[in-house]
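Bear in mind these aren't lab numbers, they're just calculated from the coordinates by the rules spelled out. The model shown is predicted, which means the values in this text are computed figures rather than measured ones. Note: ideal-geometry Cβ built from the backbone for every residue, glycine included; neighbour counts use all protein chains shown.
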Amino acid sequence: MRRDLVGSKGANHVLDCNLVCVQFELAGSGVDDCIHGVFPTSFLETSSDLTGSWLPFQPAPAHRACAGIKQENKRLTVQFAELLDSFLSHLISRRDPLVQRFLGGLSGAMRSRLLPTRRLPCERHLAPALAYADGPTLPLLRQFVQDGPALNWGQTYSATDLGRDFLDNYGWVELFGTRGHFENDLVAGGFLVLGPNTLYPDHHHLAEELYVPLTGGTEWHKGDAEFKEQAAGALIHHASDVNHAMRTADAPLVAIYLWRGGPLAAKSTLS
Ligand SMILES: [Fe+2]
């Protein structure tokens, strides 16, 4: 992977990168108190919304002594930057108007948020999920499986809501949003995991939602429609407050999601 490190003092530029990482030093603080921003260079290339001071990328001579600079800046590495890059790059590659509408809220850098690792039982379904993915969704799933054990996993529901068995087979990671690994107040994005033979029953929420399953074999339902199996890579849109549900069979579900247009940390209402 290529990565650029661009200090607010214009100190370092490292070419050969897919990501732009930005360091801002707080007044009077040291490196450990820096704020880091990151977005993929692929996003810079495709977005026309990026303006002003959030455009830190400045091409530098191609043959800088990168190794020494990288070593010097080892402490500035943004955690999960590659996962964010894979996530956004996959969505951008779809070149779909609906996807672009969701991504419109990402017109700027997202500062990293240091979160503790929090693990859940549903992580056991990550590695087996690789057998149910191929094609364009596989690289992102691989990156998620690799980073999974270090991420901050969450659950919206309690055992009172849906039972202990559901909780042992369900979890999500918010990659960016109001509480995720990167800060964003307009759009939330992350991963949902459901174990095999699990029903995520009808629920709804004010935010509109876009899912892209990274694995096939899951049946999806919304509104009055019947359950229908969706392949890996499908775009599944849920309008605001529309009931929807998913049920898995032999294959676990790993899907990426985007939320916009409503409270990004709201608990869904079970129907
Ligand atoms: Fe939903």
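Compared with the alpha-carbon gap, the fully stretched path from S240 to E226 is longer by 3.1 nm at 0.36 nm per residue. Counted over segment 219-271 with a bin width of 5 Å, the fraction of Cα pairs per bin, in whole percents, is 4, 15, 28, 26, 19, 8, 1. Counting other Cβ atoms within 10 Å of each Cβ, which GluC sites (Glu not before Pro) in segment 192-258 have at most 10 and sit in a DSSP loop? In loop regions of segment 192-258 (DSSP not H, G, I, E or B), the sparsely surrounded GluC sites (Glu not before Pro) are E226.
Here the alpha carbons of segment 135-217 define both size measures, Rg and Dmax, at 13.6, 39 Å.
Taking a ≥ b ≥ c as the square roots of the eigenvalues of the Cα gyration tensor, an a/c ratio below 1.5 marks segment 127-265 as rounded.
For an R0 of 25 angstrom, estimate the FRET efficiency from the Cβ-Cβ distance between Q146 and R95 and round to the nearest 0.05. FRET efficiency, Q146 to R95: 0.40. Packing, as the average of other Cβ atoms within 10 Å across residues, places the peptides 140-147, 185-192 in the order 185-192, 140-147, highest first. Sorted on the mean count of surrounding Cβ atoms within 10 Å across their residues, most packed first, peptides 149-159, 163-173 read 163-173, 149-159. Modelled spin-label separation between S271 and T117, with each label point placed 7 Å from Cα along the Cα-to-Cβ direction: 3.9 nm.
Between A131 and E219, the simple label model (points 7 Å from Cα in the Cβ direction) yields a spacing of 2.2 nm.
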